[in-house]
Amino acid sequence: MNNLVWLLKWTLKAAIFFTLFAFALNNQQDTTVHFFFGTQWRAPQVLVVLSTFALGVAVGALGMVPRWLKQRRAATLKTATSPEAQTAASALPPSPHEL
């Protein structure tokens with residue numbers, strides 16, 4: 001059973017790779033991206049599409065960072081104020097600087 005799952009995973013990975021490879025081969029013509037003030041960038045179309053995708057992923061991940069931090073802070077406060085954490089902290093021996 002494990003060999004079958006392993007084979008299916010590698011088959012899926014190979015299919016994704018060959019699909020992306022075929023996409024790259026079919027989109028090799030030059031594309032011009034026009035920016036502000038007359039600047040432009042000339043690159044193969046596949047590079048423009050993939051760099052735009054990577055930029056979108058990066059912006060999306062950076063946009064989620066504040067929410068991640070807020071949830072992490074809330075989880076830390078919740079575990080610190082839970083009754084189990086307080087009883088576990090009271091069961092510990094005092095630290096040397098408290099003596």
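The values are calculated or read from the model by the stated rules, or taken from the named source; none is laboratory data. Small disclaimer: the values here were computed from a predicted structure and weren't measured. Positions of Cβ are backbone-derived with ideal geometry, glycine not excepted, and every protein chain shown enters the neighbour counts.
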For ALA80, are the conditions met, namely being in a helix (DSSP H, G or I), in contact with a Ser or Thr (Cβ under 7 Å, 6 or more places away or on another chain) and at pLDDT below 85? no
Those residues of segment 1-53 which are of a type in the set (Val, Ile, Thr) and assigned to a helix (DSSP H, G or I) amount to VAL5, THR11, ILE16, THR19, VAL46, VAL48, VAL49, THR52
Looking only at segment 32-82, which residues are of a type in the set (Lys, Arg) and surrounded by 10 or more Cβ atoms within 10 Å (Cβ to Cβ)? LYS70, ARG72, ARG73, LYS78
